[in-house]
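Only one structure is covered here, and it is reproduced in the block below.
The values are calculated or read from the model by the stated rules, or taken from the named source; none is laboratory data. Small disclaimer: the values here were computed from a predicted structure and weren't measured. Cβ sites come from the backbone with ideal geometry, for glycine too, and all protein chains shown count toward neighbours.
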Amino acid sequence: MRDGIEKFIQPHLRELDGYSAHRSPETLEGKTRVPVEKIIKLDANENVYGCSPRVQKALASYQSYNIYPDSTQTELRKAIASYAGVGFEAVVVGNGSGEILDLIFQLLVGAGDDVMNFVPTFDMYRFRAQLRDARLVEVRRDEDFAIKVAQAKAAVSPRTKLIIITNPNNPDGSLTPVRDIRALLETRVPVLVDEAYYEFCGETALPLMKDYPNLMVLRTFSKWPGLAGVRAGYGIFPPRIADYLLTIKLPYNVSAAAQVAVLESFKDMEYLKSTVNRIITERERLISELKKLGWLRVFPSKANFVLCVVLNGKAGELREELQRRGILVRFWDRPLMRDFIRISVGKPEHSDALIKTLREIGG
Ligand SMILES: *Cc1c(COP(=O)(O)O)cnc(C)c1O
């Protein structure tokens, strides 16, 4: 029996299956054979090179933490607009791109509406849809993770309020061809393209915005500039939509620290580009080394991670064994994903340690 305050909980939230966040190293104290500070964390696509050293200094010397940050995010939005090559009115910044996603759902999706996504993909969309009591229309990708466009279009109904394309897709790193994005935009349903890994591939849907007023693009500072812990992300929208999002957001959703960190990152593009390039180079080397093992099927990737099928079917056990030996990779105990592990691209020495450990474990 639910009693007291519990019986007042919204029915659709009672059985909610939350987003399973990564295991943070601190929670693994005593569970691995290596000390916590030696753990190699390749499970959350974070940037192993860290943020720009200039960001560390700027955060330490900032003098106005006692003052509320600019609720209209003017300086930040201008800097992002110039970086992305769009108008200032198009940009909205959030506490991570996750917050922007949440705002989009609040603006466009109500109880009983349809939200379409293409699985397997980033699980956050499912989670946000369920929070809104929306109906999730999950269109299965093919075995190479390509979107089945005809099937998707056939599943669009007047109740469809949002279509989400992750590009490159997480967990596999594949790109959706522009013609497929166009085809989905032709439905006139709002289409959100999540470009969290844009800087690792250079492909963007932004040029389509002039033809399609139903296109929205989501980006983050969590990956390429190494600010996952700071929390900052942004979206690019038709200006009217951006206005609404700015109206419904919490006034101080982007902290002063996040504003300082992002602005400073833009002043150190040389450094950040060099770390992105190192990660891209290392991605290709990691893929070829993983293939040599012979017991993983390795997918090509345009992002900062690599997806593998564990051919003996023991992906979950492999994850646990790697964790015992101090290397964290991503595994999902979910129907479509049980044979996979996803490995974030680290420094060359991280790949070397991983490959050595995988050889020891064997397939
Ligand atoms: C990592 C990631 C994000 C980033 O989310 P933040 O809230 O900005 O940290 C967004 N989308 C996808 C697909 C991701 O993999």
- Query: What number goes with the only condition from (1) under 30 Å from Phe331 (Cβ atoms); (2) at pLDDT below 95 that Ser71 does not pass?
  - Reply: (1)
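Only one of these is in contact with a strand residue (DSSP E or B) (Cβ under 7 Å, 6 or more places away or on another chain) and among the small types (Gly, Ala, Ser): Ala58, Ala111, Ala79, Ala90. Name it.
Working: Ala58 fails: in contact with a strand residue (DSSP E or B) (Cβ under 7 Å, 6 or more places away or on another chain); Ala111 fails: in contact with a strand residue (DSSP E or B) (Cβ under 7 Å, 6 or more places away or on another chain); Ala79 fails: in contact with a strand residue (DSSP E or B) (Cβ under 7 Å, 6 or more places away or on another chain).
Being in contact with a strand residue (DSSP E or B) (Cβ under 7 Å, 6 or more places away or on another chain) and among the small types (Gly, Ala, Ser) holds for just one of Ala58, Ala111, Ala79, Ala90, which is Ala90.
Hey, could you check the stretch 39-56 for residues that are touching a residue at least 24 places away in the same chain (Cβ under 8 Å) and in a helix (DSSP H, G or I) and say which is nearest to the ligand (Cβ to nearest atom)?
Val55
Scanning the stretch 215-246 for residues that are among the charged types (D, E, K, R) and away from the ligand (no atom under 13 Å from the Cβ), which turns out surrounded by the most Cβ atoms within 10 Å (Cβ to Cβ)?
Pass one, the stretch 215-246, residues among the charged types (D, E, K, R): 219, 223, 231, 240, 243.
Restricting the remaining residues to those that are away from the ligand (no atom under 13 Å from the Cβ) gives 240, 243.
Details: Arg240: 10, Asp243: 13.
So the residue we want is Asp243.
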- Query: Are there any pairs, at least 6 apart or on different chains, whose C-beta atoms fall under 8 Å, with the first in the stretch 153-178 and at positive phi and the second within 10 Å of the ligand (Cβ to nearest atom) and in a loop (DSSP other than H, G, I, E, B), and if so, which?
  - Reply: Gly173/Tyr197; Gly173/Ala303
- Task: Any residue in the stretch 127-149 that's on the phi < 0 side of the Ramachandran plot: show its pairings with residues that are hydroxyl-bearing (Ser, Thr, Tyr) at Cβ separation under 6 Å, as long as the two are six or more apart or on different chains.
- Result: Phe127/Tyr19; Ile147/Thr176
- Item | Where Val309 falls short, out of the listed (1) touching an Asp or Glu at 6+ places or on another chain (Cβ under 7 Å); (2) aliphatic (A, V, I, L, M); (3) touching a residue at least 40 places away in the same chain (Cβ under 8 Å) | (3)
- Task: Please list, ordered by first then second residue, the pairs with beta carbon atoms under 8 Å, 6 or more apart or interchain, first in the stretch 179-204 and of a type in the set (S, T, N, Q), second more than 12 Å from the ligand (Cβ to nearest atom) and assigned to a loop (DSSP other than H, G, I, E, B).
- Result: Thr187/Val156
- Among the residues of the stretch 63-111, which ones are part of a loop (DSSP other than H, G, I, E, B) and either within 15 Å of the ligand (Cβ to nearest atom) or of a type in the set (Val, Ile, Thr) (or both)? Ile67, Thr72, Val86, Asn95, Gly96, Val109
